[in-house]
1. Among the numbered conditions (1) over 15 Å from the mean Cα position of the chain (by Cα); (2) assigned to a strand (DSSP E or B); (3) crowded, with 16+ Cβ neighbours inside 10 Å; (4) modelled with pLDDT of 95 or more, tell me where Gly130 comes up short.
2. Would you call Phe119 of a type in the set (Phe, Trp, Tyr) and surrounded by fewer than 17 Cβ atoms within 10 Å (Cβ to Cβ)?
3. Could you tell me whether Phe119 is within 20 Å of Gln198 (Cβ to Cβ) and in contact (Cβ under 8 Å) with a residue 24 or more places away in the chain?
4. Enumerate the pairs (first residue in segment 55-73 and touching a residue at least 24 places away in the same chain (Cβ under 8 Å) and more than 18 Å from Ala99 (Cβ to Cβ); second residue anywhere and of a type in the set (A, V, I, L, M, F, W, C) and part of a helix (DSSP H, G or I)) with beta-carbon separation below 7 Å, excluding pairs fewer than 6 apart on the same chain, so at least 6 apart or on different chains.
5. Can you tell me which residue is modelled with the highest pLDDT among those in segment 37-92 that are over 14 Å from the mean Cα position of the chain (by Cα), of a type in the set (Ser, Thr, Tyr) and buried (at least 16 other Cβ atoms within 10 Å of the Cβ)?
6. Say whether the condition of being within 30 Å of Ile48 (Cα to Cα) and either buried (at least 17 other Cβ atoms within 10 Å of the Cβ) or in contact (Cβ under 8 Å) with a residue 24 or more places away in the chain (or both) is met by at least one residue in segment 105-114.
7. Answer with yes or no whether Ala142 is surrounded by 18 or more Cβ atoms within 10 Å (Cβ to Cβ) and of a type in the set (Gly, Ala, Ser).
8. Residues of segment 17-36 being touching a Ser or Thr at 6+ places or on another chain (Cβ under 6 Å) and at pLDDT 80 or above, which ones?
Amino acid sequence: MTKAQSGKKPPANGANAESLAATARQVAQKGPAPVHLWDPPFCGDLDIRIARDGTWFYLGTPIGRPELVRLFASILKREGEEYFLVTPVEKVRIRVDAAPFVAVDFEARGQGRAQVLTFATNLGDSAEAGPDHPLRFPRDPATGAPAPHVMIRAGLEALIDRKSFLRLAELGVHEDRRDGRWFGLWSGGMFFPMIPSQELEI
């Protein structure tokens, strides 16, 4: 989770949501934004927050235009534990409560070690879990329960929603590993451990 920074400063060059959106539209006409190649100077914090349920807020108000949210998401970049909206000329920090995306559904193909899980996000992205799009199951600090995430792109993850997680649990299997026996999921030729088997037997 990215926490609000103390002593935040406003964008130094007057950057705001409107100017970022305008630049992002220009970039989008040429194809996917190559944010990994952009390293403009840091311009400060912008009051944009992505809530745990995937809702984007600007100045405390939900952004009601899905196309605008997708536009901002196309220029989103993660550096360490912080998130930024980046264009070739400006870079502003935003807040993310849990993950920038939410996985709202998935499709399972095959069985056992040949199983492939393909996730769909709230913004229309998709990712096939495997070496390039790993699953992870950190514990929710509030409940202690697994909080499933899947990598979508370039360090940006989706929090898997509850209904999808319950379906995933039905596909889980037990596997013996060097660090013990685990309950988890196969996808894309990889086993992703979810929880120690002994915890399910208690």
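1. (2)
2. Values: of a type in the set (Phe, Trp, Tyr): yes; surrounded by fewer than 17 Cβ atoms within 10 Å (Cβ to Cβ): no.
Considered against the rule, which asks whether it is of a type in the set (Phe, Trp, Tyr) and surrounded by fewer than 17 Cβ atoms within 10 Å (Cβ to Cβ), Phe119 comes out as no.
3. Numbers: within 20 Å of Gln198 (Cβ to Cβ): no; in contact (Cβ under 8 Å) with a residue 24 or more places away in the chain: yes.
Criteria not met by Phe119.
4. Going by the 7 Å Cβ cut-off, the qualifying pairs are Tyr58/Ala17; Leu68/Ala21; Leu71/Ala21; Leu71/Ala24; Leu71/Ala28.
5. So, considering only residues that are over 14 Å from the mean Cα position of the chain (by Cα), of a type in the set (Ser, Thr, Tyr) and buried (at least 16 other Cβ atoms within 10 Å of the Cβ), the one modelled with the highest pLDDT is Tyr58.
6. Quick first cut of segment 105-114, residues within 30 Å of Ile48 (Cα to Cα) only: 105-106.
Adding the requirement that they be either buried (at least 17 other Cβ atoms within 10 Å of the Cβ) or in contact (Cβ under 8 Å) with a residue 24 or more places away in the chain (or both) leaves 105-106.
Taking every residue of segment 105-114 in turn, at least one turns out to be within 30 Å of Ile48 (Cα to Cα) and either buried (at least 17 other Cβ atoms within 10 Å of the Cβ) or in contact (Cβ under 8 Å) with a residue 24 or more places away in the chain (or both).
7. Working: surrounded by 18 or more Cβ atoms within 10 Å (Cβ to Cβ): no; of a type in the set (Gly, Ala, Ser): yes.
No.
8. Result: Ala33, single match.
The values are calculated or read from the model by the stated rules, or taken from the named source; none is laboratory data. The shown structure was predicted, so the numbers you read here are calculated from the model rather than taken from an experiment. For neighbour counting, all protein chains shown are included, and Cβ atoms are generated from backbone atoms with ideal geometry for every residue, glycine included.
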